[in-house]
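The values are calculated or read from the model by the stated rules, or taken from the named source; none is laboratory data. The shown structure was predicted, so the numbers you read here are calculated from the model rather than taken from an experiment. No Cβ is skipped: glycine too gets one built from the backbone with ideal geometry, and neighbour counts run over all protein chains shown.
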Amino acid sequence: MINAVPTLRNDLNQLQDWIRQDPFHCDDETWENSEGMLTGNGLLAFKLVDEKGALCFVRLDAEGELVRITIQFALENEVSKRRLVVGLVKLGIPMMVKAAKNKGFKGLVFRSVSESLIKFGIKQGFKAIGNDDYAMAFEEQNNVQH
């Protein structure tokens, strides 16, 4: 069972440990304020969990007509890519889409240079828009379904 739960102050040690060991985030100064990932910040901030524990920490922020996704994934030695993908596909991404649509936004966007994350995003309907950004436009998603 996958759930989205509030990210609380007592989650900071785990979050900071994951950031320190993440080669994509450890030297990125935007990750220095890990408290920004706590519930109550941004449009929405939460932790995705399954029956074995935390999968990732997520924060959504308004950025023009889009919602910027910021995610700190679990360490691969703690959470398999399969568990993470199941959590994101079953609940994480649908929840982010619903939250953004409910607030009147036109799509989601994330930034990445991770080849595996980019491939996963493209499979979910995101497209490259430049500057290492990948966006999912809700109109395009609806047109594909018709």
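Being within 14 Å of the chain's Cα centre (by Cα) and on the phi > 0 side of the Ramachandran plot is a condition met by at least one residue of region 26-46. Residues that are of a type in the set (Gly, Ala, Ser) number at least 2 in the following strands (runs of 3 or more DSSP E) confined to region 16-105: 53-63. Just one of (1) surrounded by 12 or more Cβ atoms within 10 Å (Cβ to Cβ); (2) under 21 Å from Phe126 (Cβ atoms); (3) among the β-branched types (Val, Ile, Thr) fails for Ile19. It is (2). For the residues Leu12, Leu84, Leu43, the requirement of being among the hydrophobic types (A, V, I, L, M, F, W, C), in contact with a helix residue (DSSP H, G or I) (Cβ under 8 Å, 6 or more places away or on another chain) and within 23 Å of Met136 (Cβ to Cβ) singles out Leu43. Taking the criterion of being surrounded by fewer than 17 Cβ atoms within 10 Å (Cβ to Cβ) and in contact (Cβ under 8 Å) with a residue 24 or more places away in the chain, the residues of region 44-75 that qualify are Glu51, Lys52, Gly53, Ala62, Glu63, Glu65, Leu75.
Based on this model, can you work out whether Val113 counts as of a type in the set (Val, Ile, Thr), at pLDDT below 95 and surrounded by fewer than 20 Cβ atoms within 10 Å (Cβ to Cβ)? Answer is yes for this residue. Looking across region 114-131, the residues that are within 15 Å of the chain's Cα centre (by Cα), closer than 19 Å to Leu66 by Cβ and in a loop (DSSP other than H, G, I, E, B) come down to Gln124, Gly125, Phe126.
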